[in-house]
1. Is one or more of the residues making up the stretch 52-71 in a loop (DSSP other than H, G, I, E, B) and on the phi > 0 side of the Ramachandran plot?
2. Among what's in the stretch 39-51 and is assigned to a helix (DSSP H, G or I) and surrounded by fewer than 19 Cβ atoms within 10 Å (Cβ to Cβ), pick the residue that is nearest to the chain's Cα centre (by Cα).
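The values are calculated or read from the model by the stated rules, or taken from the named source; none is laboratory data. Please read all numbers here as calculations on a predicted model, not as lab measurements. Heads up, the Cβs are rebuilt from the backbone with ideal geometry, glycines too, and the neighbour counts pull from every protein chain shown.
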Amino acid sequence: METADILIQNKKYVQGLFFCPLSIEKITKALFAKVNEQIPPKSHDIFYLANRSAIVLPEEKQIIVQILMKYQLEGRYPEYYPKSPSQELVTKYFFETKNLLEWFKTML
């Protein structure tokens, strides 16, 4: 999240948003390891990882995950480059990511 914050502050919005779902993916994998007592699968799909960890995402959290997941592709698939959202939306997505991260932390 620190890297996302630095990039967003420097108006590198798409690059900053790449690190938002990455942070959610990492905590979801930590929860997967805790619940299943095994190494998490090599997947970037937050919904899949949450489901396999018996985590039920409320609808408002599902919405932000769907939004964030489109920004995780840019770093992995350079031919896919999402349009940069407005500064207002980026700020909103970053704030919602921090809230989502805190929500996941309550399960650790």
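1. Yes, the stretch 52-71 has at least one match.
2. If we take residues in the stretch 39-51 being assigned to a helix (DSSP H, G or I) and surrounded by fewer than 19 Cβ atoms within 10 Å (Cβ to Cβ), then 47 is nearest to the chain's Cα centre (by Cα).
So that you can scan it fast, the table gives a plain yes or no per residue for (1) farther than 19 Å from residue 99 by Cα; (2) at pLDDT below 95; (3) surrounded by fewer than 17 Cβ atoms within 10 Å (Cβ to Cβ):
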| residue | (1), (2), (3) |
| --- | --- |
| 18 | no, yes, no |
| 26 | no, no, yes |
| 78 | yes, yes, yes |
| 82 | yes, yes, yes |
